[in-house]
Amino acid sequence: MIAELVSQISTHEAPAQALLAQTFVGPEVNWFALSPMLTLLAGALGMMLVGALTPAWPKGLYALVAAVTAGTAGALAMVQWDDITDNGPTTLVGGAIAFDTLAMFLTITICIGVLLVSMLTDSFLRGTPNEGPEIYALYLVAAIGGIVMASANDLIVLFLGLETLSLALYVLAASNRRSLASAESGIKYFVLGGFASAFFLYGIALLYGAAGTTNITEMVATFQSGVDLDNPNALALAGLALLIVGLGFKVAAAPFHVWTPDVYQGAPSPVTALMASVGKAAAFAAMLRVLVTALPFFRDDWRPVIWVLAVLSLLVGSFLAVVQTDVKRMLAYSSVTHAGFLLVGVEAAGHTAGELDPGDGMPSVALYLMLYSVLVIGMIGVVTVVSRAAGNRDGDSSLDSFKGLAKRRPALALGFTVLLLAGAGVPVTSGFIAKFGVIQAAVEVESYALAIIAMVAAVVAAFMYLRIMVNMWLSPPEDGAVEADAAGTGISIDLSSGLAIAAAVAFTLFVGVFPSWLIDAAETVNVIAR
């Protein structure tokens with residue numbers, strides 16, 4: 001009886017399946033346009049497969065493969081950039097992916113971040129159970145998720161990219177199995193990140209109910225013809241509020257920043273660098289896609305919220321950073337302050353969202369993300385080198401560890417000073433160019449109060465960077481530290497970490513002195529696929 005029923009069902013389903021196969025037409029895929037993501041995917045899968053089937057690789061080869069993979073993906077993104085500037089923006093994979101200069105600019109930023117972090121990770125993992133291909137493969141997977149977030153033209157695709165990035169970061173934060181602090185940071189990030197993802201997904205569901213689509217291009221067309229200023233769409237506004245909550249967590253904006261200090265401090269230092277650079281770049285790219293590109297007709301509703309978040313982030317981050325005694329926690333609160341500066345640019349972009357002349361808000365945010373990514377990786381790279389010195393606890397990054405660094409390692413102290421000055425926004429550094437860009441964008445749209453608060457916050461935050469510099473240059477080294485360095489048991493700088501830090505310092509100074517080429521490139525990110 002059952003067999004006969006199954007046979008009848010199969011007989012009825014066969015024509016339907018055949019009809020579906022005849023009528024279904026898959027989207028056309030431009031594989032070369034997707035080459036940056038495909039390169040990262042091939043690198044991640046290749047490292048996992050080959051690493052599982054072969055003996056341990058020679059020292060440094062895992063990091064080299066990951067860095068070369070990220071560099072290749074970034075080079076391919078530059079080639080795509082030229083294609084977009086010549087032929088204009090478009091969409092890929094049935095309209096799910098935006099192929100525009102914003103996506104390529106952020107792709108290059110993310111690839112640079114992964115390249116530098118991979119170089120920092122090599123010596124950090126030497127002699128630990130994690131020395132293998134897994135960590136580097138997760139770096140590449142996180143980069144894929146970040147690029148998908150930066151180039152998503154559909155909210156569901158954006159959510160998939162967000163989860164790909166987040167899951168990789170959850171695992172990476174807890175990857176140091178010998179450290180209870182790492183396990184704690186991983187579980188905190190996972191639990192709070194899960195809540196944020198739930199808010200974000202629920203917001204997508206409500207926006208789908210309001211617009212009847214999750215595709216950003218179609219959503220813009222729907223709201224363009226259906227927004228009633230006298231009777232606001234309550235469903236769309238509720239979805240917008242939930243999306244802002246989810247994105248506020250991901251960008252570490254106050255008051256959604258509570259996870260940041262503990263996670264940054266407890267996670268392995270290279271992972272902290274990845275979260276502060278790649279994670280923040282991807283999150284702000286998603287914010288630009290959702291607010292400025294998808295919901296420009298609701299700008300008067302979301303812009304005041306972004307204004308408040310910017311002020312809170314600037315004040316909370318700058319004032320709490322100056323009272324910390326751990327350098328990684330200082331940089332965590334500093335990242336909250338930098339999120340506030342980035343939100344200043346987002347708020348400026350909100351004034352002209354959806355208009356033919358989008359202004360300088362979005363380019364200033366994109367430029368800030370690239371400059372801050374390189375800057376923070378360099379700073380955390382120095383912290384990684386110092387905190388791993390013999391005699392310290394594993395991962396110790398207390399302020400006392402930097403006492404007398406100028407006498408112990410003058411070149412390292414000088415490079416760190418340059419990076420700290422850039423973080424404070426001192427002229428002739430990339431940090432000044434970044435901060436000046438977002439404040440100028442705010443002034444141009446007459447957000448004078450926000451621009452003034454940002455400048456005051458920069459002055460307050462500079463005190464935190466000054467504390468570190470005073471410890472390095474004016475405080476005497478701890479007892480026995482100089483002798484330990486001379487004996488080779490103190491601070492040692494391996495080749496890959498030294499190159500990564502030197503590259504960050506050189507980039508910081510070069511852009512500070514010659515910024516026009518990068519500013520001109522960032523100005524093209526106004527071209528968004530519609």
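Could we say that residue 70 is in a helix (DSSP H, G or I), of a type outside the set (Asp, Glu) and at pLDDT 95 or above here? Yes: the conditions hold for residue 70.
Confirm whether residue 404 is touching a residue at least 40 places away in the same chain (Cβ under 8 Å) and at positive phi. Against the criterion (touching a residue at least 40 places away in the same chain (Cβ under 8 Å) and at positive phi), residue 404 qualifies.
Filter region 39-74 down to the residues that are hydroxyl-bearing (Ser, Thr, Tyr) and under 20 Å from the mean Cα position of the chain (by Cα) and list them by number. Scanning region 39-74 gives 39, 69, 72. Checked against (1) touching a Pro at 6+ places or on another chain (Cβ under 6 Å); (2) surrounded by fewer than 21 Cβ atoms within 10 Å (Cβ to Cβ), residue 426 passes all but condition (1).
Counting only helices (runs of 4 or more DSSP H) that sit wholly inside region 401-448, those with at least 3 residues that are out of contact with any strand residue (DSSP E or B) (no Cβ under 9 Å at 6 or more places or on another chain) and of a type in the set (Gly, Ala, Ser) are 410-424, 430-444. For the criterion of being within 18 Å of the chain's Cα centre (by Cα), small (Gly, Ala, Ser) and either assigned to a helix (DSSP H, G or I) or surrounded by fewer than 24 Cβ atoms within 10 Å (Cβ to Cβ) (or both), residue 354 fails. Quick check: is even one residue across region 321-329 assigned to a helix (DSSP H, G or I), surrounded by fewer than 24 Cβ atoms within 10 Å (Cβ to Cβ), in contact with a Pro (Cβ under 7 Å, 6 or more places away or on another chain) and modelled with pLDDT of 90 or more? Looking through region 321-329, at least one residue is assigned to a helix (DSSP H, G or I), surrounded by fewer than 24 Cβ atoms within 10 Å (Cβ to Cβ), in contact with a Pro (Cβ under 7 Å, 6 or more places away or on another chain) and modelled with pLDDT of 90 or more. Of all residues being of a type in the set (Ser, Thr, Tyr) and under 24 Å from residue 371 (Cα atoms) in region 111-137, which is nearest to the chain's Cα centre (by Cα)? Just the residue, please. It comes out as 118.
When each of 222, 260, 214 is tested for being surrounded by fewer than 24 Cβ atoms within 10 Å (Cβ to Cβ), among the hydroxyl-bearing types (Ser, Thr, Tyr), modelled with pLDDT of 90 or more and in contact with a helix residue (DSSP H, G or I) (Cβ under 9 Å, 6 or more places away or on another chain), the lone residue that passes is 214. Within region 229-251, one or more residues are β-branched (Val, Ile, Thr), assigned to a loop (DSSP other than H, G, I, E, B) and closer than 30 Å to residue 320 by Cβ.
Comparison of 71, 43, 94, 51 shows that the only residue that is in contact (Cβ under 8 Å) with a residue 40 or more places away in the chain, within 23 Å of residue 496 (Cα to Cα) and surrounded by fewer than 17 Cβ atoms within 10 Å (Cβ to Cβ) is 71.
The values are calculated or read from the model by the stated rules, or taken from the named source; none is laboratory data. Since this is a predicted model, take the numbers as computed values, not measurements. Please note: Cβ atoms are built from the backbone with ideal geometry, for glycine as well, and neighbour counts cover all protein chains shown.
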